[in-house]
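Student: Structure below; questions to follow.
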Amino acid sequence: MFSLSRHALRHTRNFALSVSANKCKPIAVAVPLNLRYFAADSRHNNHKTGSNSNNNNMENKVEKITVNKEELRKRLTPMQYQVTQEAGTERPFTGCYNKHYEKGVYQCIVCHQDLFSSDTKYDSGCGWPAFNDVLDKGKVTLHRDASIPVVISKTLGMVRTEVRCSRCSAHMGHVFDDGPPPKHRRFCINSASIDFVKKAPSTTATAAAGGAASAATAAGTTTSSKK
């Protein structure tokens with residue numbers, strides 16, 4: 001997943017990758033050259049790296065589960081399965097949550113773990129839902145993504161950081177360091193990998209609304225009795 005946000009760093013370069021008609025692949029490449037958020041392992045590289053190389057590494061504090069691939073194929077749409085299980089990428093500006101700003105929580109589409117809050121969602125202009133933080137650092141794991149061909153990677157400095165759900169290891173998208181201050185993070189997430197749960201009205205607000213309605217009813221009754 002690529003593309004510049006409005007807050008993108010100036011020293012980036014664009015590169016376009018072709019898109020198959022039947023299978024989504026990354027488009028519109030533009031990646032900052034100084035990614036800072038790497039995890040200690042990788043889907044593409046199993047050797048371990050130094051655990052103290054970066055203080056920003058997110059720790060997995062959630063109990064992992066094993067998903068049934070066949071059950072997922074039946075439950076998810078082809079795009080949802082391709083994104084979460086095969087690290088695919090939906091086309092930019094096509095996801096249902098790209099321009100979605102209701103108040104609530106975004107969950108992993110596979111295991112329903114809460115991942116992102118609408119309070120941290122912003123319009124990055126990249127074509128995918130963007131968040132400047134996660135609900136909790138244990139909700140996701142970050143992994144060095146070396147899936148881009150070596151020649152392209154070396155030429156454009158395109159070593160990306162993949163974001164996965166810490167509970168079921170579903171692929172969510174990527175995180176970049178061109179987000180808004182103060183954290184400068186942009187979690188670029190596929191709509192196909194998440195599900196939105198609308199925020200329920202607070203108890204205080206509901207009680208206040210109920211009290212106002214009761215008062216209005218009482219006032220109307222009193223007025224009627226005086227006529």
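Student: Output wanted: per-residue J couplings in Hz (rounded whole) for segment 136-146, from phi through Karplus 6.51 cos²θ - 1.76 cosθ + 1.60, θ = phi - 60°, x for Gly and Pro.
Tutor: 7, 5, x, 6, 10, 10, 10, 9, 5, 9, 10
Student: Right, here's the next one. Quick one: which residues, 5 or more positions from ASP145 or on another chain, have an amide H under 5 Å from its amide H? H modelled 1.01 Å from N in the peptide plane, none for Pro or chain starts.
Tutor: Hits under the 5 Å cutoff: ARG160, THR161, GLU162.
Student: Now, a different point. On a 27 Å Cα-Cα criterion, which of the cross-link pairs LYS74/LYS139; LYS74/LYS183; LYS99/LYS137; LYS69/LYS199; LYS69/LYS121 come out too long?
Tutor: Working: LYS74/LYS139 25 Å; LYS74/LYS183 39 Å; LYS99/LYS137 25 Å; LYS69/LYS199 30 Å; LYS69/LYS121 30 Å.
Those over the limit are LYS74/LYS183; LYS69/LYS199; LYS69/LYS121.
Every read-out reported here was derived from the displayed coordinates using simple, explicitly stated rules and does not represent laboratory data. As the structure is a computational prediction, the values presented were derived from the model and not from experiment.
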